[in-house]
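S.K.: Structure provided below as structure tokens; questions to follow.
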Amino acid sequence: MGLTVTDLSCTRGGRLILRGLSFALGSGETLILRGPNGSGKSTLLRALAGLLPASGRMEIDGRAVGGEGRADAVAYAGHLDAIKPQLTVAENLRFWARLFGGDPGAALAAFDLGPLAERPAHLCSAGQKRRICLARLLVAPRRLWLLDEPTVALDADATGRLLRVLREHAAGGGLAIVATHVPLDLAPARELVLAAEAQTASAAGDPFLQGAWT
């Protein structure tokens, strides 16, 4: 059981970015997306999150994911931090926890946000805002995490905390797809490398990947 994506295709601005992409991840597996800017990493994540029109089929544990069902199964952390600047750090997390049922206290602790709990979010640094954004993953528990460059603006300690959270998510059977330009110690994660010029993909001979990028 896990994630299965079948024949995924996506067009942006009249340009075909993904064509006939199929892959599968087993329970507890992580997929690392690598490649230069413009190679399609963000497009894939946004298509899987339902933020871009796409054809194909996505299943989690054998059930088709789409519409409201996608929102219940998928958490997406993109380039924007999506925090309410007028609220404090704790108020932001409590707001999301009331909507999605997670534990804001645990999220604060996981990303060392306790000392910042009463600080208005608009007074936080870029790295602190990024940690708030990532802490939302723990107050909106979802099976599949889609993370686009999650280490941007993070220092070494915060990156280590993110890796611990990802390992714990995987240990509990969670799934994650992470687009990144930096090495992440998440072995034995799968890796998909995208090439900008030819728009091709390889997975080091791993048969989990089928189809093509165009």
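Bear in mind that the values in this text are calculations on the coordinates, not laboratory data. Note that the structure is a prediction, hence the values are computed from the model and not measured. Heads up, the Cβs are rebuilt from the backbone with ideal geometry, glycines too, and the neighbour counts pull from every protein chain shown.
S.K.: How large is the helix-only mean residue ellipticity at 222 nm for the chain, computed as the sum of -39500 (n - 2.57) over DSSP H runs with n ≥ 4, divided by its residue count, in deg cm²/dmol to the nearest 500?
M.R.: Values: 6 runs with 63 residues, N = 214.
Value at 222 nm, helices only: -9000 deg cm²/dmol.
S.K.: Please order 116, 87 by the number of other Cβ within 10 Å, starting at the fewest. Kindly include the intermediate steps, with their values, before the conclusion.
M.R.: Values: 116 20, 87 15.
Going from least to most buried by this count: 87, 116.
S.K.: Name the residue farthest towards the positive end of the dipole of the range 69-205 from the options 152, 173, 127, assuming +1 on Cβ of Lys and Arg, -1 on Cβ of Asp and Glu, about the Cα centre.
M.R.: 173
S.K.: Excluding the sites themselves, what is the longest stretch of the chain that contains no GluC sites (Glu not before Pro) in a DSSP loop with at most 13 other C-beta atoms within 10 Å? Walk me through the intermediate numbers first.
M.R.: Details: sites that count: 118, 197.
The longest uninterrupted stretch comes out as 1-117.
S.K.: Right, next: Rounded to the nearest Å, what's the spacing between the alpha carbon centres of the range 1-69 and the range 87-140? Just the number, please.
M.R.: Answer, in whole Å: 28.
S.K.: Helix 89-100: angle to the longest alpha-carbon principal axis of the chain, degrees 0 to 90, nearest 10?
M.R.: Value to nearest ten degrees: 50.
S.K.: Where does the charge balance sit around residue 92 when Lys and Arg score +1, Asp and Glu -1, over other residues with C-beta under 15 Å from its C-beta?
M.R.: On the way: positive: 84, 94, 98, 119, 129, 130, 131, 136; negative: 81, 91, 103, 118.
Residues close to residue 92 contribute a combined charge of +4.
S.K.: In units of 2.2 N^0.38 Å, what is the alpha-carbon radius of gyration of the chain?
M.R.: 1.01
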